[in-house]
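The values are calculated or read from the model by the stated rules, or taken from the named source; none is laboratory data. Small disclaimer: the values here were computed from a predicted structure and weren't measured. Cβ atoms come from the backbone with ideal geometry, glycine included; neighbour counts cover every protein chain shown.
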Amino acid sequence: MKIDILNTIKSRVGDVTRVESDSGKEKARLRYRQLKEEIKARTLEEAVNRVELAKALYEIKKNKLYRFDGYDNFYEFCLDYKFSRTMIYRYIKIGAYLEKENISEQDIMQSSLNKIINDIRVKKSSPGC
């Protein structure tokens, strides 16, 4: 099945509006607002997906659920999803962090993946932990 990427993008984002006149500028301004809202919505959706992915991967690894598909280890399972090993284990750290620490999913959604990993490292290396 051939996917027409350009039409898919146009259907989701719409056609580009060119700025030509005053009414064109107003249309462009309206379009700009729509695009900003689209970006906000997509960013939030991506953050929610990151949290859900982290929780799912952590649970699969923790409970060795990958064995139901005949995998000998978690890494073999992950190869089917074409994520790098580093990325998978970052998500697992986040999943474990969510389970063990008093942190909300909202905090995770508002942070970048790298910031969360750095926070986990700092917390582990802090005296008294």
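Some observations on this one:
- Cβ-Cβ under 6 Å pairs, at least 6 apart or on other chains, segment 23-45 side without any contact (Cβ under 8 Å) to a residue 24 or more places away in the chain, far side of a type in the set (A, V, I, L, M, F, W, C): 25/19; 28/19
- So residue 80, is it at pLDDT 85 or above, surrounded by fewer than 18 Cβ atoms within 10 Å (Cβ to Cβ) and in contact with a helix residue (DSSP H, G or I) (Cβ under 8 Å, 6 or more places away or on another chain): no
- So residue 66, is it of a type in the set (Phe, Trp, Tyr), closer than 24 Å to residue 115 by Cα and either touching an Asp or Glu at 6+ places or on another chain (Cβ under 7 Å) or surrounded by 15 or more Cβ atoms within 10 Å (Cβ to Cβ) (or both): no
- Enumeration of residues in segment 26-53 that are at pLDDT below 90 and closer than 18 Å to residue 97 by Cβ: 47, 48, 49, 50, 51, 52
Matching residues to (1) at pLDDT 85 or above; (2) of a type in the set (D, E, K, R); (3) in a helix (DSSP H, G or I); (4) farther than 23 Å from residue 122 by Cα:
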residue: 8; (1), (2), (3), (4): no, no, yes, yes
residue: 11; (1), (2), (3), (4): no, no, yes, yes
residue: 19; (1), (2), (3), (4): no, no, no, yes
residue: 66; (1), (2), (3), (4): yes, no, yes, yes
